[in-house]
Amino acid sequence: MNSFYALVARTKNIDRWALMRNAQRENVQEHSHMVAVIAHGLALIKRDIFGEDCDAEKCAVCALYHDVPEIFTGDMPSPVKYYDPDMVSAYRRIEESAVKRLLEEIPGEIRQEYVKIFSPDPEINSIVHAADKLSAYIKCIEELKAGNGEFKSAAQTTLNKLRELKMPEVDYFLENIMPSFEKTIDELSL
């Protein structure tokens, strides 16, 4: 029996931002969808605006699956995950073990395609990482809009990390697309 897809379906049961009070809960499945949308957009910006070669579809697919190992690890809060180098190293080993276990649940005839998805090349990985951070920043903005001041520090920290990436496509997104996330639906419809 191959249970990979049934396991992926369970990402909707894993809540994110566990250490924070949330005005709107977010699960890993919702987050992964948004990261895939953003990664696709970043890749298109990189390719079509900045003229650099980038596979937008591969970025989107890799982003869609980027947090699937959390089926086995849960969503580790960043302050814990990045507490010190030993914790980072230990979590990386746990995540690698989770990926191996997931790959075993995929039919052998198609497994190699998923190996590529779970270990993308550095260029794809950087786009997915940036999209993941942008998704987190969007979550912070949404929480702040809902009056949840608990996300104020997280928003500033995440924005700083995004700027430190020094990626033109991320800077473009922040300048030209991000302001729309601060608007109401009525303002967006105008």
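Ala154 - would you say it is touching a residue at least 12 places away in the same chain (Cβ under 8 Å) and either farther than 30 Å from Ala6 by Cβ or out of contact with any helix residue (DSSP H, G or I) (no Cβ under 9 Å at 6 or more places or on another chain) (or both)? Working first, answer last.
Details: touching a residue at least 12 places away in the same chain (Cβ under 8 Å): yes; either farther than 30 Å from Ala6 by Cβ or out of contact with any helix residue (DSSP H, G or I) (no Cβ under 9 Å at 6 or more places or on another chain) (or both): yes.
So Ala154 passes the test.
Of the residues contained in region 29-42, none is found to be part of a loop (DSSP other than H, G, I, E, B), touching a helix residue (DSSP H, G or I) at 6+ places or on another chain (Cβ under 9 Å), small (Gly, Ala, Ser) and under 27 Å from Asn176 (Cα atoms).
Only one of Arg25, Arg10 is more than 21 Å from Lys133 (Cα to Cα) and either in a loop (DSSP other than H, G, I, E, B) or of a type in the set (Lys, Arg) (or both); which?
Working: Arg25 fails: more than 21 Å from Lys133 (Cα to Cα).
So the residue among Arg25, Arg10 that is more than 21 Å from Lys133 (Cα to Cα) and either in a loop (DSSP other than H, G, I, E, B) or of a type in the set (Lys, Arg) (or both) is Arg10.
I'm trying to understand the selection: among the residues of region 157-172, which are free of Cβ contacts under 8 Å to residues at least 12 places away in the same chain and under 24 Å from Cys54 (Cα atoms)? Those that are free of Cβ contacts under 8 Å to residues at least 12 places away in the same chain and under 24 Å from Cys54 (Cα atoms): Arg163, Glu164, Lys166, Asp171.
Would you list the helices (runs of 4 or more DSSP H) that sit entirely within region 67-154 and hold 1 or more residues that are in contact with a Cys (Cβ under 9 Å, 6 or more places away or on another chain)? By residue number, 108-118, 122-145.
Candidates are the residues of region 1-26 that are of a type in the set (S, T, N, Q) and crowded, with 17+ Cβ neighbours inside 10 Å; the one that is modelled with the highest pLDDT is Thr11. If we keep just the residues of region 115-156 that are closer than 22 Å to Asp53 by Cβ and among the small types (Gly, Ala, Ser), which is modelled with the lowest pLDDT? So the residue we want is Ser119.
For region 14-53, which positions are of a type in the set (Lys, Arg) and over 27 Å from Pro122 (Cβ atoms)? Walk me through it before giving the result.
Initial filter on region 14-53 (of a type in the set (Lys, Arg)): 16, 21, 25, 46-47.
Those that are of a type in the set (Lys, Arg) and over 27 Å from Pro122 (Cβ atoms): Arg21, Arg25.
Of everything listed in (1) over 25 Å from Arg25 (Cα atoms); (2) touching a Ser or Thr at 6+ places or on another chain (Cβ under 7 Å); (3) surrounded by 15 or more Cβ atoms within 10 Å (Cβ to Cβ), the single unmet condition for Ile106 is (2). For first residues located in region 1-17 and acidic (Asp, Glu), partners that are in a helix (DSSP H, G or I) and lie 6+ apart or on another chain with Cβ distances below 9 Å form the pairs Asp15/Val28.
Kindly indicate the residue of region 155-182 that is among the basic types (Lys, Arg) and assigned to a helix (DSSP H, G or I) and also farthest from Ala18 (Cα to Cα) among those meeting that condition. Walk me through it before giving the result.
Let us first name the residues in region 155-182 that are among the basic types (Lys, Arg), namely 161, 163, 166.
Still in the running and assigned to a helix (DSSP H, G or I): 161, 163.
Values: Lys161: 21, Arg163: 25 Å.
It comes out as Arg163.
The values are calculated or read from the model by the stated rules, or taken from the named source; none is laboratory data. Note that the structure is predicted; figures quoted are calculated from it, not measured. When we count neighbours, we look across all protein chains shown, and the Cβ atoms used for this are built from the backbone with ideal geometry, even at glycine.
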